[in-house]
1. For the residues 93, 356, 53, what sequence is obtained by ranking on other C-beta atoms within 10 Å, fewest first?
2. If I fit a long axis through the Cα atoms of helix 254-265 and take the longest principal axis of the Cα atoms of the chain, what angle between them do I get, 0 to 90°, rounded to 10?
3. Could you state the angle between the C-alpha long axis of helix 136-148 and the longest principal axis of the C-alpha atoms of the chain, as a value from 0 to 90 degrees rounded to the nearest 10?
4. Neighbour counts of other C-beta atoms within 10 Å: give me 351, 179, 62, 270 arranged from fewest to most.
5. How big is D for region 4-207, in µm² s⁻¹ as a whole number, if Stokes-Einstein is applied with the Kirkwood radius of its Cα pairs at 37 °C and 0.692 mPa s?
6. Out of the DSSP beta bridges found with both residues in region 227-407, what percent are antiparallel (nearest 5)?
7. Using a Debye calculation, one point per C-alpha and no hydration shell, please list log10 I(q)/I(0) for region 215-319 at q = 0.15, 0.18, 0.19, 0.24 Å⁻¹ in order.
8. I need to check one value: relative contact order of region 1-74, counting alpha carbon pairs closer than 8 Å and at least 6 residues apart, in percent.
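No lab work stands behind these numbers, since they all come straight from the coordinates. Fair warning: this is a prediction, and the values are worked out from it, not measured in the lab. Virtual Cβ from ideal backbone geometry, glycine too; neighbours counted across all protein chains shown.
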């Protein structure tokens, strides 16, 4: 029996909860369906800047008050910005749930946005940008997605360019908040030892004041730039990120895609790890990943290798990809991969935080709740033929973009 419940406040804010037996903690998230995809070239980076600014103080709490309110009871308070969402979250003991939800709500309903704080936070974000630029295995993802979703906000860097960060003001931040932090774009997600009705009442008390409706439109995914794009930097190792577009979060073949990704680069037993690292010794770090959005997605394969081994590494990776388009995976490998995925899923769901995030993403991206049993059933139903079909659809020359960052010398 599912412990999932959903309610919608009169102003449109959605409240989702899942009660977990035998835990004393609660994980809460206030999610906004707004991220770097909702930006323009002129304000790219503002979603992430908003995430920073709300922690600088509200009309009733200083920055120190915000931090102490959660940390003083042993809790965790944080936030993150993605391409399509922003999440403010906390994890506390169950008796502190009302206080935690009030603090999270206060962050997004009444941030102070003082000009002195804006000036200081610009410097903080600029340092964050420098840190990212100094980390090639991080910044390469921004270069890669820019080509996969070329000339689309979906390909914008989440941190934004430096010139934009320097230009942010209280007025520009407030304008973005007013336009994008509307009740129809906000949901509360909670998991743990909770009472659904209590969280609905608390949400109505603190988020029911929000008014308005999102007036923007969902932008297009842009064009795809295939080919090889090379940059140089003062580094010792070459970094490769190759891949292309794949399926959206709710696509009917999302589970065959998950199996394919796990076969390819999901851990130390994956094909790429065995071939590139164990057999050839070409890379220390080699993995594949998926990033899925409302209407599209990307698959990527990352490797760090010697500057003189870049082409050999690319050729071997491509050979492994094409092999999956021509040869079905064996029954034994398929069974092992399914067990790996199911085990990882079930272990993650022992965490209240993981469940809270999964609840929100299911609602935001598919509009429906999937039970663990239905997910397990879907994974078990994946066939080798489906995996091969997905491989043939996405591992093509026209859907291949390669980004390389090489040492200057």
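1. 93, 53, 356
2. 60
3. Long axis of 136-148 versus the principal axis of the chain: about 90 degrees.
4. Result, fewest neighbours first: 62, 179, 351, 270.
5. This corresponds to a translational diffusion coefficient of 185 µm²/s.
6. 75
7. Debye intensities relative to I(0), on a log10 scale: -0.71, -0.93, -1.00, -1.29.
8. Computed value for region 1-74: 14 percent relative contact order.
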